[in-house]
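Encoded as C-alpha cells, the structure appears first; notes follow it.
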Amino acid sequence: MCSGADLDLLKNCSKSEQVKYAGIGGTIFFTAVIAFVASAYALFTVFDSVYLAVGFGVIWGLLIFNLDRFIVSTIKKQGKPWLEFGQAIPRLILAIIIAVVIAKPLELKIFQKEIDQVLLEQKNNLTLQNKEQIAMQYTPEISRVESEIKDLEETIQNKENEVNELYGIYIAEAEGREGTLKIGRGPVYKEKRDKHDKILQELQELRKENKDQILEKQQIIKNLREKQELQASNSQPVIDGFDGLMARINALDSLPWLPSFFIFLLFLAIETSPILAKLISQQGEYDLKLSNHENKIKIWVAQEMNQREELLKIDTELNSKVYYDIGDEEKIYTYKKQKAEELMVLQADSFYNSQKEIL
C-alpha cells in the first residue's frame, strides 16, 4: 500500500514481486517516520512546545509520505531505460530536496553539543560587542565628567602646593635661613605668615567648594554607569535567546562539513532508493499486468471515441437528408411564407409606432 501499487493486481502476482513492492513501501514509510522526527525537533526549537511540534510533525510526515508515494507510483516500467530515466529526473530532484529538508533537522540534533559550543562562543562575542556599543554611548560623557573632576582636584593640589611653599618660606624666615637671615619672628616673618594664612584659608574654602562639586560629578558618573549596566542587562535576554533554528543552522555551517555531508548522503540514499530500485529493476510481472490493464482501458476509450464520432457523422448525414426532403414539400413552403408575411407586418407596425413617438 505504501508503495502506491495496485493491490488488486499485485495480489495475483508472484511472491517475489510482492516482496519487492513491500520493500519499496517500507522504505517510503520509514522515510516518513524520519521526516516526522526531524520536523518535530526542528519545530520544537522554534515554538518550544511539544504539542505544536508533534502536531506539525505529523502533518509534515504525512506530506512527505504522500509525496514519496506519488513519486514512486508515477514511474512506469516500459522496458525503455533512457525514457524511464528522463521521466525520473524531476522526481529525483524532488527527492533530493526532500532529503535535504529531512537531514538538516536531524543534523542539528546529532551535532547539538558542538552547536551549543559554537552558540556559546557567539553569545559571548555578542555580549562583548553589545557592551562595547553601549559603552560608546556613555564613555564620552563619563570621560568629560571625570576630566572636570580631575581639573577640580588639580586646582586643590595647586593651591596646596602654594600653601606648602608659603609655609616653607615663613618657617625659613623664622629660622634665619632665608629672607632677612635673622632668627626670630620679626615684621617680615609676620608678613609672610599672614600671606600663608590667607592662602590657607582660601585653600580650605576651595576644598569645601570643590568637594561638593566633585561629589556631585561623581554621582553623575555613578548614574551614567548604572544606566549603562541597566541597558546592557536589558539587552542581554535577547542575546541569551540567540539559539533559534536559523542560529543553529548557521552554527552547523561553521562546523566541519564532512560529517554533515555524509549524513546528507545517507538520507539522500534513503530517499532516492525507491526511485532507483524501480529504475534499475527489470520489467516484472506487476508492470506487465499494469501495462496490459492500462492498454485495455486505452483501447476501450479509443473505441468509445470512434463510436461517438461515427454516430455523429451518420446523424449529421441523416439530418441533412431529412431537411433536404422536407424542403421540397409545398405545404411547408406555404406555411413558412405565411409566417414571414406576418413577421414583416409586425416589423412595419413597430417601426411606424417608434417613428410616431419621436415626432
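What the table below lists for this structure:
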| item | result |
| --- | --- |
| Test item: Cα-centred dipole of the chain, Lys/Arg +1 and Asp/Glu -1 on Cβ, debye | 940 |
| Positive-end residue, the chain charge dipole about Cα centroid, Cβ charges, pick of Leu346, Thr272, Val301 | Thr272 |
| On Cα atoms only, tilt of 330-358 relative to the major axis of the chain in degrees | 40 |
| CD proxy at 222 nm, helix term only [per DSSP H run n ≥ 4: -39500 (n - 2.57); per residue of the chain; nearest 500] | -31500 deg cm²/dmol |
| Under 27 Å from Lys336, Cα to Cα: lysines that are on another chain or at least 8 residues apart | Lys321 |
| Cut-off 9 Å between beta-carbons: net charge of the residues surrounding Thr31, Lys and Arg +1, Asp and Glu -1 | -2 |
| Cut-off 15 Å between beta-carbons: net charge of the residues surrounding Lys131, Lys and Arg +1, Asp and Glu -1 | -1 |
| Net dipole in debye of the stretch 134-242 [+1 Lys, Arg Cβ; -1 Asp, Glu Cβ; about Cα centre; nearest 20] | 380 |
| Between 0 and 90°, nearest 10: helix 285-327 axis offset from the chain longest Cα axis | 60 |
| Angle between the chain longest axis and helix 257-280 axis [Cα atoms, degrees, rounded to 10] | 0 |
| Cross-link pairs Lys11/Lys109; Lys11/Lys298; Lys123/Lys211 - those with Cα-Cα distance over 32 Å | Lys11/Lys109; Lys123/Lys211 |
| Aspartates and glutamates whose Cα lies under 16 Å from that of Lys222, excluding same-chain neighbours fewer than 8 positions away | Glu141, Glu146, Glu148, Asp212 |
| Under Karplus coefficients 6.51, -1.76 and 1.60, residue-wise ³J(HN,Hα) of the stretch 110-116 in Hz, glycine/proline x | 5, 9, 4, 5, 5, 5, 4 |
| Partners for Lys289 among aspartates and glutamates (Cα-Cα distance below 20 Å; same-chain residues under 8 apart left out) | Asp6, Asp8, Glu17, Glu84 |
| Cross-link pairs beyond the 22 Å C-alpha cut-off, checked among Lys150/Lys217; Lys20/Lys104; Lys195/Lys217 | Lys20/Lys104; Lys195/Lys217 |
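Each value in this text was obtained by applying a stated rule to the coordinates, not by laboratory testing. These numbers come from a predicted model, not from an experiment. As a convention, Cβ positions derive from the backbone with ideal geometry for all residues, glycine included, and neighbour counts pool all protein chains shown.
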